[in-house]
Amino acid sequence: MAPYTYTSLQTGSVRLLRLLPNSDRNSRIECQLITFSMLDSGSTHPYEALSYVWGSEDNKKPVYMDGGELYVTANLHAALSRLRHCFVERVLWVDAICINQHVKDEKGRQVQSMAKIYAKASRVIVWLVDPPEKAAPKRVAPDKGDPAVDGDQADNGDQALEAVRAAAEEQRVDSKMDQMILTLLRREWFQRIWVVQEVAAARHILIKSGSTEIDGYAFCRGLSVLKPFETHPDLQALIPPIAFLIEGAVFRRRHDKDDTSRPAKFSLKIRPLGELVDMYHTRKATNPLDKVYALLGMSSDDPGIKADYSSSWKDLFRELVNFSLSNPVSVRTWDAKEVSVMEANGNVLGEVSSAREDATRDDREHDVEITWKTAPGHSDAKGEPSSRFAFRASAKAIKKGDIVCLLEGASRPTTIIRPCDGFLTIIRIAGPADRLPKWSDSITTFPTDLLLVWDWDESRRKSQGGEGYEYFVSSRGVPQCPSPECRCQDHLDKAARWWNLGMLLNGMKRFQEA
């Protein structure tokens, strides 16, 4: 059979997938694609949007549409098999099929509209099953169409979901189910960056694992009763922020026509982009560009960044840095690395005197106290010596001793940084924006030279403790020159970095460190 051929898609329109019914689970999957205008009136539309993990591009399986054949990943094939009804067609939006993945311009425009697509859906279906290459290798490969094709029975995901439902109904749950529930929560879906926007936009969520399904609100209620992640730090960072968004779906307001009349400008307006990046940048994406693009639909400010899949990661990261810091002296980024090195001028406002996480909240907050410096030239000035802030938990935890700094030209008033091995790492690109000391309004000079490293790679930070950054900060990543003159310059550069850091610490009266 010939490959399926897409037709062009007009601006403001999307394709919807009609999943045709069949009572035979072993039959091939047949569908039709229809074009639908998102500019039509109405707060929701009669389609369901699928949230899932693509999985490996190997071992793809076919679906049949309008006389053509389209190959999809095994995990999507399994999801469609489970979602197909015996007698009634189902209308879905599925990114891998409804977007022509081979046309970068269309892909960029559709990705820009994904927040609206999920917000307009009558329901978002979360397919929690791991792709076959991630699932527990306990079963013999079944024939096509076998119910075990999704692998959910391999790690008892259906039983775990039933246990969560029972907890939501205040039934007793056997402690033997604990490990199954933890395995369910460690599935790849919870780790992906795109799912944040997908559930943040939804107003009704259905969680599905194999043949078992549960309402999103009930799922979160069950987790709040069981609290399975309390003694597992890896899950504490992943699950509560997602559960908070899922639970809030039923309370979300409707998006009417006035909100969504401009497709390219639609946003959920949850938080400024800098805060979203701080919170979610360690989540996974197959394409690193998606670590930024997946957050644009939730941003409450306008960074001027558009989803463009012809762009390089190096250029996109530099664009994000320039938006966040406005006018750093220099910025260096790399295509294969989620790290940026910047030189900027700053003025230190204070330091973190205490920081603790509020584990009682489902959305996780950090209770942070910041002690402000005395106003320059006004040692007897009166004012609040410290302020307390409640920060949404970020990918990097704020710690005692972190520095609050005002960067020259930055779009956000402050940034939180931490002294490291001869440089400073950015902990939060978006620090406190209000309740700053009054004298900060009159700052016009930025006397401190700062060498900043913004690293999104959690594994590098944990495994190397800063040692692996020397390549990036030494001559700002420029290949090393073997001549004696160059080596001398390298030593001078390193000495200057340590001197600047020592002067910063000295100015904060941290004399021993200085």
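Placing +1 on each Lys and Arg Cβ and -1 on each Asp and Glu Cβ, with no other charges, gives region 262-319 a dipole about its Cα centre of roughly 160 debye. Across Cys488, Cys420, the residue with the most accessible area heads the list, and the full order at a 1.4 Å probe is Cys488, Cys420. Over all pairs of different C-alpha atoms, region 148-232 has a mean inverse distance whose reciprocal, the Kirkwood radius, equals 13.4 Å.
Given a 1.4 Å probe and the protein chains as shown, His45 ends up with an accessible area of around 10 Å². Specify whether the C-alpha gyration tensor of region 275-342 places it in the rounded, prolate or oblate class, a ≥ b ≥ c being the square roots of the eigenvalues: rounded for a/c under 1.5, otherwise prolate if a/b is larger than b/c and oblate if not. Verdict is rounded for region 275-342. Amide H to amide H, with H built 1.01 Å from N, Lys284 comes under 5 Å of Arg192, Ile193, counting only residues 5 or more places away or on other chains. Near the amide H of Ser300, within less than 5 Å, lie the amide hydrogens of Ile270, Arg271, Leu273, all on another chain or at least 5 residues away, with H placed in the peptide plane.
Working note: Karplus 6.51/-1.76/1.60 with θ = phi - 60° gives region 13-25 the couplings 10, 9, 9, 10, 9, 8, 8, 6, x, 6, 7, 9, 4 Hz, where Gly and Pro are set to x.
Counting Lys +1, Arg +1, Asp -1, Glu -1, what net charge surrounds Asp105 among other residues with beta carbon under 13 Å of its beta carbon? Once positives and negatives cancel, what remains is +2. The H on the amide N of Ile427, modeled in the peptide plane, is under 5 Å from the matching H of Ile416, Ile417, Arg418, each at least 5 residues off or on a different chain. Computed from backbone phi with θ = phi - 60° and the Karplus coefficients 6.51, -1.76 and 1.60, the 3J(HN,Hα) list for region 101-113 is 5, 8, 10, 4, 5, 5, 4, x, 5, 5, 4, 5, 9 Hz; x is used for glycine and proline. Quote the FRET efficiency, to the nearest 0.05, computed for Ala218 versus Ser27 with a Förster distance R0 of 30 Å and r equal to the Cβ-Cβ distance. Given R0 = 30 Å and the Cβ-Cβ separation, E is 0.40. In this entry, region 1-106 is assigned a mean projected area of 7.4 nm², taken as a quarter of its C-alpha convex hull surface. Per-residue 3J(HN,Hα) values for region 304-314, derived from phi via the Karplus relation 6.51 cos²θ - 1.76 cosθ + 1.60 with θ = phi - 60°, read x, 9, 10, 5, 9, 7, 8, 6, 8, 4, 4 Hz in sequence order (x marks Gly and Pro). Rounded to the nearest 10 square angstrom, Met279 shows an accessible area of 30 square angstrom against a 1.4 Å probe. Distance from the C-alpha centroid of region 197-213 to that of region 319-337: 36 Å, rounded to the whole angstrom.
The values are calculated or read from the model by the stated rules, or taken from the named source; none is laboratory data. Small disclaimer: the values here were computed from a predicted structure and weren't measured. A quick note on method: Cβ atoms are made from the backbone with ideal geometry, for glycine too, and the neighbour counts reach across all protein chains shown. The area values use the complete protein model at the heavy-atom level, side chains included, leaving out ligands, DNA and RNA. Shrake-Rupley method; radii C 1.70, N 1.55, O 1.52, S 1.80 Å.
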